[in-house]
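Only one structure is covered here, and it is reproduced in the block below.
The values are calculated or read from the model by the stated rules, or taken from the named source; none is laboratory data. All values reported here derive from a predicted model rather than from experimental measurement. Note that we place each Cβ from the backbone using ideal geometry, even for glycine, and neighbour counts take in every protein chain shown. Just the protein is used for accessible areas: all its heavy atoms, side chains included, with ligands, DNA and RNA removed. Shrake-Rupley method; radii C 1.70, N 1.55, O 1.52, S 1.80 Å.
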Amino acid sequence: MKNTDSNPTNGLSKNLAQETDAALFHALQAGETSALTVLYDRYSSLVYGLSLRILTNPQEAEDLTQEIFLLLWRNHSYNPNRGSLSSFLSVLTRSRALDRLRSRSSKLKLLQRSQQTMTIGTDSNPPLEQISLSERQEIVRQALEKLPLKQRQVLELAYYEGHSHSEIAQQLNTPLGTVKTWARKGLLTLRQNLKELIE
């Protein structure tokens, strides 16, 4: 980490907390990671509050808050000349939260369809329908078994036990990004394996 105290030409005061958002963002671009801490302290409650209002899930809101500040740090896509940082973070948060809602809806529909195929018919079903449901259940089971172990494990923890990606990452002692990748790949593969049942 750079030492701002020993470099008076960088335009930063000794106390980063006193700097403007624009100055902090420029410091972040220059590799001053402590600037991110100041920006996080300033705006994490704004980002979290908006995330929570849209997602209505505290864990997901926490995950998204972390993601937003990682994006700010890595992508440097904010332009101080185009508006305030608070507005930029609000727009970015809203966009990412809505993406998550759409993803959640898509995953829920896939899961519901999968569960429907796994449901064993009641006694009121005709014998042929009972057989059809039994066959479908077997197809779904086989589709799940075709997934790599880690992908299957993540999907089972997420959709059958209700764990968030963060909780799964802690449980499996695996980076959050890796867990999300396994979940995404697993869903894509499962969707392909179940294509005939879903369509």
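Hey, could you check region 56-93 for residues that are among the aromatic types (F, W, Y) and assigned to a helix (DSSP H, G or I) and say which is nearest to the chain's Cα centre (by Cα)? Can you show your working first?
Taking region 56-93 first, the residues among the aromatic types (F, W, Y) are 69, 73, 78, 88.
Add one more test, that the residue is assigned to a helix (DSSP H, G or I), and what stays is 69, 73, 88.
On the way: F69: 13, W73: 17, F88: 19 Å.
Filtering first and then ranking leaves F69.
Yes/no per residue for (1) at pLDDT 80 or above; (2) under 19 Å from E67 (Cα atoms); (3) in a helix (DSSP H, G or I):
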residue: Q151; (1), (2), (3): yes, no, yes
residue: L157; (1), (2), (3): no, no, yes
residue: G162; (1), (2), (3): no, no, no
residue: Q170; (1), (2), (3): yes, yes, yes
residue: G177; (1), (2), (3): yes, yes, yes
residue: K180; (1), (2), (3): yes, yes, yes
residue: L187; (1), (2), (3): no, no, yes
residue: L190; (1), (2), (3): no, no, yes
residue: E196; (1), (2), (3): no, no, yes
Please determine whether any residue of region 23-40 is at negative phi, at pLDDT 90 or above and among the acidic types (D, E). no
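Residue by residue through region 18-36, note down the ones that are of a type in the set (S, T, N, Q) and in contact (Cβ under 8 Å) with a residue 12 or more places away in the chain.
Keep residues of region 18-36 that are of a type in the set (S, T, N, Q), which gives 18, 20, 29, 33-34.
Q29, T33, S34, listed by residue number.
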Looking only at region 23-55, how many residues end up being open to solvent by 50 Å² or more (accessible area, probe 1.4 Å) and not in a loop (DSSP other than H, G, I, E, B)? 11
Extreme residue, surrounded by the most Cβ atoms within 10 Å (Cβ to Cβ), among residues of region 56-90 that are modelled with pLDDT of 90 or more, hydroxyl-bearing (S, T, Y) and farther than 15 Å from S166 by Cβ: S90
